[in-house]
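The values are calculated or read from the model by the stated rules, or taken from the named source; none is laboratory data. This structure is a prediction, so every number in the text was calculated from the model and none was measured. Don't worry about glycine lacking a Cβ; one is built from the backbone with ideal geometry, like all the others, and counts go over all protein chains shown. Accessible surface is based on the protein model in full, side chains and every heavy atom, while ligands, DNA and RNA are left aside. Shrake-Rupley method; radii C 1.70, N 1.55, O 1.52, S 1.80 Å.
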Amino acid sequence: MMKKEKELLVAVASQKGGVGKSVFTVLLASVLHYRKGLRVAVVDCDSPQHSIALMRERDMENVMKNDVFRMRLFQQQERLGNHDYTFIRSDLEKAGDDLHSN
(Lines give C-alpha, C1' and ligand atoms only; values in the text may rest on other atoms or scores of the structure.)
Protein backbone atom coordinates (compact mmCIF):
# COMPACT_ATOMS: atom_id res chain seq x y z
CA MET A 1 0.00 0.00 0.00
CA MET A 2 1.31 3.42 -0.94
CA LYS A 3 1.78 5.89 1.90
CA LYS A 4 -0.35 9.01 1.48
CA GLU A 5 1.61 12.26 1.47
CA LYS A 6 0.86 14.84 4.12
CA GLU A 7 -0.73 17.96 2.76
CA LEU A 8 -0.44 21.47 4.13
CA LEU A 9 -2.51 24.26 2.64
CA VAL A 10 -1.35 27.84 3.23
CA ALA A 11 -3.42 30.85 2.21
CA VAL A 12 -1.89 34.27 1.71
CA ALA A 13 -4.74 36.75 1.78
CA SER A 14 -5.66 40.34 2.50
CA GLN A 15 -8.51 42.50 1.33
CA LYS A 16 -6.12 45.40 0.91
CA GLY A 17 -4.14 45.67 -2.29
CA GLY A 18 -0.45 46.44 -2.44
CA VAL A 19 0.54 44.66 0.79
CA GLY A 20 2.89 42.16 -0.90
CA LYS A 21 0.68 39.06 -1.20
CA SER A 22 2.04 38.06 -4.60
CA VAL A 23 5.69 38.65 -3.73
CA PHE A 24 5.37 36.82 -0.40
CA THR A 25 3.58 33.90 -2.08
CA VAL A 26 6.32 33.50 -4.71
CA LEU A 27 9.08 33.79 -2.11
CA LEU A 28 7.43 31.26 0.22
CA ALA A 29 6.75 28.79 -2.60
CA SER A 30 10.31 29.16 -3.89
CA VAL A 31 11.91 28.55 -0.49
CA LEU A 32 9.72 25.52 0.19
CA HIS A 33 10.34 24.04 -3.25
CA TYR A 34 13.95 24.95 -4.11
CA ARG A 35 15.51 25.06 -0.64
CA LYS A 36 13.43 22.49 1.25
CA GLY A 37 12.73 20.15 -1.67
CA LEU A 38 8.98 20.02 -1.06
CA ARG A 39 6.31 19.54 -3.70
CA VAL A 40 4.59 22.91 -4.01
CA ALA A 41 1.58 24.16 -5.93
CA VAL A 42 0.52 27.79 -6.04
CA VAL A 43 -3.14 28.39 -6.76
CA ASP A 44 -3.56 31.98 -7.91
CA CYS A 45 -7.10 33.07 -6.99
CA ASP A 46 -6.40 36.75 -7.60
CA SER A 47 -9.15 36.97 -10.18
CA PRO A 48 -9.46 38.59 -12.66
CA GLN A 49 -5.87 39.93 -12.86
CA HIS A 50 -4.00 36.80 -11.64
CA SER A 51 -0.97 38.89 -10.67
CA ILE A 52 1.39 35.96 -10.08
CA ALA A 53 0.54 34.38 -13.44
CA LEU A 54 1.21 37.64 -15.25
CA MET A 55 4.47 38.15 -13.34
CA ARG A 56 5.67 34.61 -14.18
CA GLU A 57 4.74 34.93 -17.86
CA ARG A 58 6.48 38.31 -18.15
CA ASP A 59 9.60 37.03 -16.38
CA MET A 60 9.79 33.89 -18.53
CA GLU A 61 9.43 35.95 -21.72
CA ASN A 62 12.30 38.18 -20.61
CA VAL A 63 14.49 35.20 -19.65
CA MET A 64 13.92 33.49 -23.00
CA LYS A 65 14.85 36.69 -24.90
CA ASN A 66 18.21 36.95 -23.14
CA ASP A 67 20.89 34.31 -23.88
CA VAL A 68 22.67 34.80 -20.54
CA PHE A 69 19.49 34.52 -18.46
CA ARG A 70 18.27 31.54 -20.49
CA MET A 71 21.58 29.71 -19.94
CA ARG A 72 21.49 30.49 -16.21
CA LEU A 73 17.93 29.14 -15.97
CA PHE A 74 18.94 25.86 -17.63
CA GLN A 75 22.04 25.60 -15.40
CA GLN A 76 19.92 26.19 -12.30
CA GLN A 77 17.41 23.53 -13.32
CA GLU A 78 20.21 21.07 -14.03
CA ARG A 79 21.95 21.84 -10.72
CA LEU A 80 18.79 21.59 -8.63
CA GLY A 81 17.46 18.55 -10.41
CA ASN A 82 13.91 19.84 -10.20
CA HIS A 83 11.90 22.22 -12.27
CA ASP A 84 9.41 24.89 -11.29
CA TYR A 85 6.67 24.26 -8.82
CA THR A 86 3.14 23.77 -10.08
CA PHE A 87 1.17 26.90 -10.83
CA ILE A 88 -2.61 26.96 -11.25
CA ARG A 89 -4.89 29.86 -12.21
CA SER A 90 -8.23 29.55 -10.48
CA ASP A 91 -10.86 31.45 -8.59
CA LEU A 92 -11.83 31.14 -4.97
CA GLU A 93 -14.87 28.93 -5.54
CA LYS A 94 -12.95 26.32 -7.57
CA ALA A 95 -9.50 26.49 -5.95
CA GLY A 96 -9.70 23.22 -4.03
CA ASP A 97 -11.04 21.28 -7.02
CA ASP A 98 -8.46 22.81 -9.35
CA LEU A 99 -5.64 21.99 -6.92
CA HIS A 100 -6.59 18.36 -6.55
CA SER A 101 -7.25 17.81 -10.25
CA ASN A 102 -3.65 18.77 -11.17
Cα-based Rg / Dmax (Å) for the chain: 15.2, 47
Ignoring ligands, DNA and RNA, please state the percent of accessible area on the chain from carbon and sulfur, probe 1.4 Å. 55
Can you work out the FRET efficiency for the pair residue 94 and residue 36, with r the C-beta to C-beta distance and R0 = 25 Å, to the nearest 0.05? 0.35
Ignoring ligands, DNA and RNA, what accessible area per residue does region 28-102 give at 1.4 Å, in Å²? 75
As computed over region 1-53, the Cα convex hull volume per residue (Å³): 100
